[in-house]
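The values are calculated or read from the model by the stated rules, or taken from the named source; none is laboratory data. Just so we're clear, the structure is a prediction, and the values are computed from it rather than from any experiment. Note that we place each Cβ from the backbone using ideal geometry, even for glycine, and neighbour counts take in every protein chain shown.
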Amino acid sequence: MEKTKQLYEGKAKKVYATENPDYVIVSYKDDATAFNGLKKGTIIGKGVINNKMSNLMMAMLEKKGIPTHLVEQIDDRNTVVKKVEIVPLEVIIRNVAAGSFSKRYGVAEGTKFSAPTIEFSYKNDDLGDPLINDYHALALNLATAEEIDTIKKMAFAVNAAMKAFFKELNIDLIDFKLEFGRFKGQIVLADEISPDTCRFWEAGTWDTTKHVSLDKDRFRRDLGGVEDAYAEIFKRITESK
Ligand code: TMP
């Protein structure tokens, strides 16, 4: 399948039309941003890792019965996906307190929850992706009640599958962000699953004050070793297969 014209350029990916109106090609860049684009940089090789890793994760989830946008990987940076209409919600699942949750509620990073939590942000860069609840999402017509119900169930199913998957790799899945899309009347998992969108901590380090991050927090927090962390996660995933 070939790219026809560029439809969109985001912070980390470009999206191209194809001859097939049902499919688009996503092209992963090495560009990294944080804090709603305030911090900018490059993570060399990130595009290749995120493309391949996201596809491996989506394929794993499909096997578990979760519908995704994945069609086929073309090469290192390019993948054919279903042309979905993105539901403008960032769906965040957390197993352990970190990041904005710790800041907002005054809970130490590394505090484990007795059950996973879910939260929604309204995907809107001008507003800085504000936190919203289900009723706000309904009031804003972002999704129907049925769609929100489906999204919640799918997000928790993704968490169960991913937590088990990463446990085997000696990695604790702390939290992650998902996006969903509509394709021919069905809600499917879209966007990406990568170190850009998940927090991965070296197993057993989350209950100490010095957890070891193998994700984009190394970029967000200037911890160094960003490229190495992306490479390490990808190595463990591919070696496990
Ligand atoms: P947070 O603690 O900053 O709210 O982030 C929660 C998770 O969501 C974390 O794994 C990183 C991911 N995330 C994104 O993928 N995109 C974003 O824009 C933000 C703010 C977080």
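Here are a few things to note about the model shown:
- For Leu127: the one exception among (1) closer than 17 Å to Gly185 by Cα; (2) within 13 Å of the ligand (Cβ to nearest atom): (1)
- Of all residues in region 30-53 being within 15 Å of the chain's Cα centre (by Cα) and of a type in the set (D, E, K, R), the one that is farthest from Val226 (Cα to Cα): Lys52
- Selection status of Ala155, surrounded by 12 or more Cβ atoms within 10 Å (Cβ to Cβ) and either within 13 Å of the ligand (Cβ to nearest atom) or β-branched (Val, Ile, Thr) (or both): yes
- Within region 109-135, the residues that satisfy the criterion of being in a loop (DSSP other than H, G, I, E, B), more than 25 Å from Ala164 (Cβ to Cβ) and without any contact (Cβ under 8 Å) to a residue 40 or more places away in the chain are Asn124, Pro130, Asn133.
- Residue-level analysis places Ile66 outside the set of residues that are within 18 Å of Phe219 (Cβ to Cβ), surrounded by 14 or more Cβ atoms within 10 Å (Cβ to Cβ) and modelled with pLDDT of 95 or more.
- Residue check, Ile86 surrounded by 15 or more Cβ atoms within 10 Å (Cβ to Cβ) and not hydroxyl-bearing (Ser, Thr, Tyr): no
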